[in-house]
Amino acid sequence: MQASDFSEAPGRSAKIAGWVLSGLLITFLLFDGAIKLVPLEVVLDTSRALGLPADIASARILGVLTLACALLYAIPRTSILGAILLTGYLGGAIATHYRLGNPLFSHTLFGLYLGLVAWGGLYLRFPWLRRMLPVVL
């Protein structure tokens, strides 16, 4: 496989796979943001365990940030901005879990997994992103 193979428009199956990945991520982020807006008791307990402020206002701020990133990511014209903001947000989550010594694969790297899904979905959908970031296997 050569880098030029990725400069063409993605096939139908690649676009569908990209939208499925993006849809799964958006669904997860909407759920995550919504439970922070309410906020459910599990959100406050988790915040406390992570060393974050465990008050309703702080949970709601994180919920609004999560939903804003999800909305930007969901709109095709702003999806790259949404992915960039999500990358920073998820990087903070990774750093928080690492600082606490949480399990590597299940907790600390969960933000990395979400980031890979976010960028993978865009990579499969947008040919110009494939040209910009060619992956040669």
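The values are calculated or read from the model by the stated rules, or taken from the named source; none is laboratory data. Quantities reported herein were computed from a predicted structural model and do not represent experimental measurements. Glycine also receives a Cβ, built like all others from the backbone with ideal geometry; neighbour counts cover every protein chain displayed. Surface areas here come from the heavy atoms of the whole protein model, side chains and all, with no ligands, DNA or RNA. Shrake-Rupley method; radii C 1.70, N 1.55, O 1.52, S 1.80 Å.
Between Ile16 and Glu41, what is 0.36 nm times their sequence separation minus the Cα-Cα distance? Round to one decimal in nm.
Computed gain between Ile16 and Glu41 is 5.3 nm.
What are the DSSP H helices in the chain that stretch 18 Å or more along their long axis, judged by alpha-carbon atoms, and whose average Kyte-Doolittle hydropathy comes to at least 0.0?
The qualifying helices are 12-37, 56-74, 79-100, 110-125.
Which label belongs to the value computed from this structure, given these candidates for Cα extents along the principal axes in Å: (1) 45, 36, 23; (2) 51, 29, 20; (3) 42, 32, 26?
Recomputing Cα extents along the principal axes in Å here gives the entry labelled (2).
What number, in percent, do you get for the relative contact order of the chain if the mean sequence gap of Cα pairs under 8 Å and at least 6 apart is divided by its residue count?
Reported relative contact order: 39 percent.
Over what distance in Å are the Cα centres of the range 12-50 and the range 83-100 separated?
14
Taking the Cα centre of the chain as origin, work out the dipole magnitude from +1 charges on Lys and Arg Cβ and -1 charges on Asp and Glu Cβ, in debye rounded to 20.
Approximately 320 debye in magnitude.
What distance in nm separates the two pseudo spin-label positions at Val135 and Ala34, each 7 Å out from Cα along the beta-carbon direction?
Taking the simple label geometry, Val135 and Ala34 are separated by 3.0 nm.
Could you point to the residue in Ala34, Leu72, Pro127 farthest towards the positive end of the chain's charge dipole, with +1 and -1 charges on the Cβ of Lys/Arg and Asp/Glu respectively?
Positive-most Cα among the choices belongs to Pro127.
For Thr108, tell me the accessible area in Å² from a 1.4 Å probe, rounded to the nearest 10.
Estimated to the nearest 10 Å², Thr108 gives 10 Å².
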